[in-house]
Amino acid sequence: MAKAFPIIYDRERARKAFDILLITREQEMKQLAADIGYPAAGDGWQEKILLFCLDVDKCFQELSQPEMADQEIYKCMTLLRMMARDRPLVELQKIQDLAYNIANDFKSLYEQQR
């Protein structure tokens, strides 16, 4: 797992959940990588796409809160701007939904690992 993987996750459980996620969602992750312009080749691209998905999920959760740190607002706006670049609203929604679903699948798989 990438060194930048969020600290809130136990690395062993996260690795198991990630391996299962790759079996079921690798094609969607590849599509998401293509949609955001990230190369889906070489080592570690899947981890980076998962981190992107977890960031998108975190932004959705934090944007619904009444207060948010300036640093987090900047990070979320940067992610949204990156996803929205030269895309119609329907395609942007597809990217956001895909990232959100991948993140939630990972979190669900993580919770199942013991």
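The values are calculated or read from the model by the stated rules, or taken from the named source; none is laboratory data. Keep in mind that this is a model prediction, so the values were computed, not measured. Glycine gets a Cβ as well: all are built from the backbone with ideal geometry, and neighbour counts include every protein chain shown.
Give the residue, chosen from Leu79, Leu22, that is exposed (fewer than 15 other Cβ atoms within 10 Å of the Cβ) and free of Cβ contacts under 8 Å to residues at least 40 places away in the same chain. Explain how you work it out, then say what you get.
Working: Leu79 fails: exposed (fewer than 15 other Cβ atoms within 10 Å of the Cβ).
Only one candidate passes the filter, namely Leu22.
Could you check Asp55 against (1) more than 20 Å from Asn101 (Cα to Cα); (2) surrounded by 11 or more Cβ atoms within 10 Å (Cβ to Cβ); (3) not hydroxyl-bearing (Ser, Thr, Tyr) and say which number it fails?
Of the numbered conditions (1) more than 20 Å from Asn101 (Cα to Cα); (2) surrounded by 11 or more Cβ atoms within 10 Å (Cβ to Cβ); (3) not hydroxyl-bearing (Ser, Thr, Tyr), the odd one out for Asp55 is (1).
For the range 25-64, enumerate the residues that are farther than 17 Å from Ile95 by Cα, in a loop (DSSP other than H, G, I, E, B) and either without any contact (Cβ under 8 Å) to a residue 40 or more places away in the chain or among the hydroxyl-bearing types (Ser, Thr, Tyr) (or both).
Result: Ala41, Gly42, Asp43, Ser64.
Which condition breaks for Ala84 when tested against (1) in contact with a helix residue (DSSP H, G or I) (Cβ under 6 Å, 6 or more places away or on another chain); (2) small (Gly, Ala, Ser); (3) modelled with pLDDT of 90 or more?
(3)
If you scan the range 83-103, which residues turn out to be exposed (fewer than 13 other Cβ atoms within 10 Å of the Cβ) and either within 15 Å of the chain's Cα centre (by Cα) or within 30 Å of Asp19 (Cβ to Cβ) (or both)? Explain how you work it out, then say what you get.
Just the residues of the range 83-103 that are exposed (fewer than 13 other Cβ atoms within 10 Å of the Cβ), to begin with: 85-86, 88-90, 93, 97.
Passing the criteria: Gln93, Asp97.
Given the conditions (1) more than 13 Å from Asp105 (Cβ to Cβ); (2) in contact with a helix residue (DSSP H, G or I) (Cβ under 8 Å, 6 or more places away or on another chain); (3) not aromatic (Phe, Trp, Tyr), report the number of the one that Ile49 does not fulfil.
(1)
Among the residues of the range 3-31, what is the count of those that are under 15 Å from Phe106 (Cα atoms) and either of a type in the set (Lys, Arg) or modelled with pLDDT of 90 or more (or both)?
Adding up the residues that qualify gives 17.
Exactly one of these conditions fails for Gln93: (1) assigned to a helix (DSSP H, G or I); (2) in contact (Cβ under 8 Å) with a residue 24 or more places away in the chain. Give me its number.
Result: Gln93 fails condition (2) only.
Is at least one residue of the range 69-81 small (Gly, Ala, Ser) and either in contact with a helix residue (DSSP H, G or I) (Cβ under 8 Å, 6 or more places away or on another chain) or at positive phi (or both)?
No, because not a single residue in the range 69-81 is small (Gly, Ala, Ser) and either in contact with a helix residue (DSSP H, G or I) (Cβ under 8 Å, 6 or more places away or on another chain) or at positive phi (or both).
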